[in-house]
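K.L.:
What follows is a structure written as structure tokens; I'll ask about it next.
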Amino acid sequence: MSLARRFLYLQLAVVVLVVVVVSLILFAQARDALVARAEGMTRAVSTTLVDDPFVRDAVRSPDPHAALQPLTDRLLADTELDFVTIMAPDGTRWTHPVAAEVGEQYRGDRSHALAGQTWTSTEHGDLGPSVRTIAPVRDDDGTVVALVATGVLLDAVSEQALGQLPAVLLVGALLLAASSTVAALMARYLGAVTHGWGPEELAQVHALHDAVLNEATEGLLLVDAGQVRVVNARARELLGLPAAEPGAADPTALPVPSLGLPGALEAVLLSGAAVQEQWFVVGERTLIVSTLPARGGPARRGMVVILRDHTEISRLSGQLRTATTLAAGLRAQTHEHANRMHTVVSLLELGRAGEALDFASADMARAHSLSEDLVARLDDPFLAALLVGKTAAAHERGVELVVDVEAGVPRIPIPPADLVTLVGNLVDNAVEAAAANAAAVRPVVEVEIARTDAAGDAGEAVAVTVADTGMGVPEELGRAVWDLGTTTKDAGPEGRGVGLHLVREVVERWGARIEQTNDGGAVFTVTVPLPAAERPRVPGVPA
């Protein structure tokens, strides 16, 4: 049975019970009111008769019945009394509604009246149970010379109470109808919001809901009107939100601006627009965000936000691209070395051993000089090896790669894998741009690594500048040049537009800064702040 139907039946049972109880109470109150009215009426008539001089004189006459019976008959006709009995102190009736009872003994308590009290009670007489009042008639010296009893039969009271029963039942029916209508409307609303499910089904759905949310490997959020209504544990981890306390319920509404998210991601969540696999950097993570409308029944209920962690994939992609670049550099060196060896062999076959020796010595000295110079100036063997390989690869493509390293420059405070990704992608893009510019007389790519000042009070930093003689970055691209899939090259195989996006990820991950300008070609400058421990000590200035 659905929760709504159970609620309806329970409400109807309560309503019927309440209506029955209220009706009985109203009926009882009506009957009590009639009894109280009868008591008041009998008491008033009795006290009036005992003080009437006519009654006093009649009870002392030789034939009290003849004088008093007409009076009592008139009272019975003019009032709602059922009997008026005037009797002698010994209980012998002088008057009675039934003529045969005249002269008979009064059936009732006379003790209170003989003691001089006016007494009201409910007793059983010849006519049946009744509400009656008995009072004493005194002569001038206070002696009780007669008794007056007036009464209303309880059957008459019950009939009057039953006469009010239709009104009581009408009130009860109206109360039942109103309460049933409200209960039915509430049950209908409850059935709509619970989809006609019972409490067991709702409990199961809630348990499944929690299981899916908390065990999902993707982050899930439900955002409605700028408020986060649902957030699972994985989403808290990916967005850097504090974990929910064990046993504590998640807040029903968490404003999106209070989450401390990057501006671009916050704008997407507040816009309510559907997006597909947009990339955002949150802290040290790279997230792929998709949103789609959430519907509860026929109406839209905000949007579902799906978060996927792409950090490790991005790092692996960068490392793979770097490895590919190094392999290409090795292939270029192998190809160039093969050409030189062919030249040396040919000179030897021609009998020109001296010239072959001079050619081989000069080539070895040039290669050895480049390697030793980079290793001596760079305190990073990974970066030095990368630039040596890039020099050979650029030379094979007809591009001259010039590397200028300032003496004594400290090691760049970025892990080798990320540093290779950063510099390798910038150099690759620069070599491709320089080689593709047919107007360039001498395709050149310049790499400069030098110490510089960081922005603000951050102290010193290391700047890596990569410049080429290509066509530069189109101004209309703006900041979109850093987005995944954006490329200035002709449409080619899948994977274009990845390099600068990876560069931006590395820069943001390690708190660096990158700038791009056009100066006869594209110029990219990455500024990496140095840790305080690696900054030189200036005499007179506290560390």
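K.L.:
Are any residues in the range 127-151 surrounded by 16 or more Cβ atoms within 10 Å (Cβ to Cβ) and modelled with pLDDT under 85, and if so, which ones?
P.N.:
Hits for the range 127-151 are 127, 130.
K.L.:
When you scan the range 33-41, do you find a residue that is under 60 Å from the mean Cα position of the chain (by Cα) and farther than 21 Å from residue 145 by Cβ, even just one?
P.N.:
Checking the range 33-41: at least one residue is under 60 Å from the mean Cα position of the chain (by Cα) and farther than 21 Å from residue 145 by Cβ.
K.L.:
What is the one condition in (1) at pLDDT below 85; (2) crowded, with 19+ Cβ neighbours inside 10 Å that residue 124 does not satisfy?
P.N.:
Of (1) at pLDDT below 85; (2) crowded, with 19+ Cβ neighbours inside 10 Å, only one is false for residue 124: (2).
K.L.:
Answer with yes or no whether residue 44 is without any contact (Cβ under 8 Å) to a residue 24 or more places away in the chain and of a type in the set (A, V, I, L, M, F, W, C).
P.N.:
yes
K.L.:
Taking residue 57 as the residue in question, decide whether it is modelled with pLDDT of 80 or more and more than 26 Å from residue 122 (Cβ to Cβ).
P.N.:
Yes; evaluated as a whole, the condition is true for this residue.
Listed here are the residues, each with its yes/no results for (1) out of contact with any Gly (no Cβ under 6 Å at 6 or more places or on another chain); (2) at pLDDT 70 or above.
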| site | (1), (2) |
| --- | --- |
| 457 | yes, no |
| 474 | yes, yes |
| 492 | yes, no |
| 522 | no, yes |
| 528 | yes, yes |
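K.L.:
Starting from the range 376-394, take each residue that is under 17 Å from residue 434 (Cβ atoms) and list its partners that are acidic (Asp, Glu) and part of a helix (DSSP H, G or I), counting only C-beta distances under 9 angstrom and pairs at least six apart or across chains.
P.N.:
390/428; 392/336; 393/428
K.L.:
Let me ask something additional. Could you tell me whether residue 152 is closer than 29 Å to residue 31 by Cα and not in a helix (DSSP H, G or I)?
P.N.:
Here the answer is yes, as residue 152 does meet what is asked.
K.L.:
For the condition at pLDDT 70 or above and either small (Gly, Ala, Ser) or within 30 Å of residue 232 (Cα to Cα) (or both), what is the one hit in 203, 161, 211, 216?
P.N.:
216
K.L.:
Residue 292 is checked against (1) modelled with pLDDT of 75 or more; (2) more than 19 Å from residue 310 (Cβ to Cβ) and fails just one. What number does that condition carry?
P.N.:
(2)
K.L.:
How about the range 49-69: which of its residues are hydrophobic (A, V, I, L, M, F, W, C) and touching a Ser or Thr at 6+ places or on another chain (Cβ under 6 Å)?
P.N.:
67, 68
K.L.:
Separate question: Among the residues of the range 43-66, what is the count of those that are of a type outside the set (D, E, K, R) and not in a helix (DSSP H, G or I)?
P.N.:
So the answer is 2.
K.L.:
Restrict the check to the range 500-508 and report whether at least one residue is over 28 Å from residue 436 (Cβ atoms), assigned to a helix (DSSP H, G or I) and modelled with pLDDT of 60 or more.
P.N.:
yes
K.L.:
If you don't mind, there's one more thing I want to ask. Out of everything in the range 72-108 that is touching an Asp or Glu at 6+ places or on another chain (Cβ under 9 Å) and part of a helix (DSSP H, G or I), what residue ends up being farthest from residue 39 (Cα to Cα)?
P.N.:
101
K.L.:
Among what's in the range 392-428 and is part of a loop (DSSP other than H, G, I, E, B) and among the hydrophobic types (A, V, I, L, M, F, W, C), pick the residue that is surrounded by the fewest Cβ atoms within 10 Å (Cβ to Cβ).
P.N.:
407
K.L.:
Further question: Kindly indicate the residue of the range 94-121 that is of a type outside the set (Ser, Thr, Tyr) and under 13 Å from residue 150 (Cβ atoms) and also surrounded by the most Cβ atoms within 10 Å (Cβ to Cβ) among those meeting that condition.
P.N.:
Here the residue is 113.
K.L.:
Would you confirm whether any residue within the range 459-467 is surrounded by fewer than 18 Cβ atoms within 10 Å (Cβ to Cβ) and either assigned by TED's automatic domain parsing to the domain that holds residue 503 or at pLDDT 70 or above (or both)?
P.N.:
yes
K.L.:
Between 29, 69, which is out of contact with any Lys or Arg (no Cβ under 7 Å at 6 or more places or on another chain), exposed (fewer than 14 other Cβ atoms within 10 Å of the Cβ), of a type in the set (S, T, N, Q) and assigned to a helix (DSSP H, G or I)?
P.N.:
That would be 29, the only listed residue that is out of contact with any Lys or Arg (no Cβ under 7 Å at 6 or more places or on another chain), exposed (fewer than 14 other Cβ atoms within 10 Å of the Cβ), of a type in the set (S, T, N, Q) and assigned to a helix (DSSP H, G or I).
The values are calculated or read from the model by the stated rules, or taken from the named source; none is laboratory data. Being a predicted model, the structure only gives us computed values, none of them experimental. Glycine also receives a Cβ, built like all others from the backbone with ideal geometry; neighbour counts cover every protein chain displayed.
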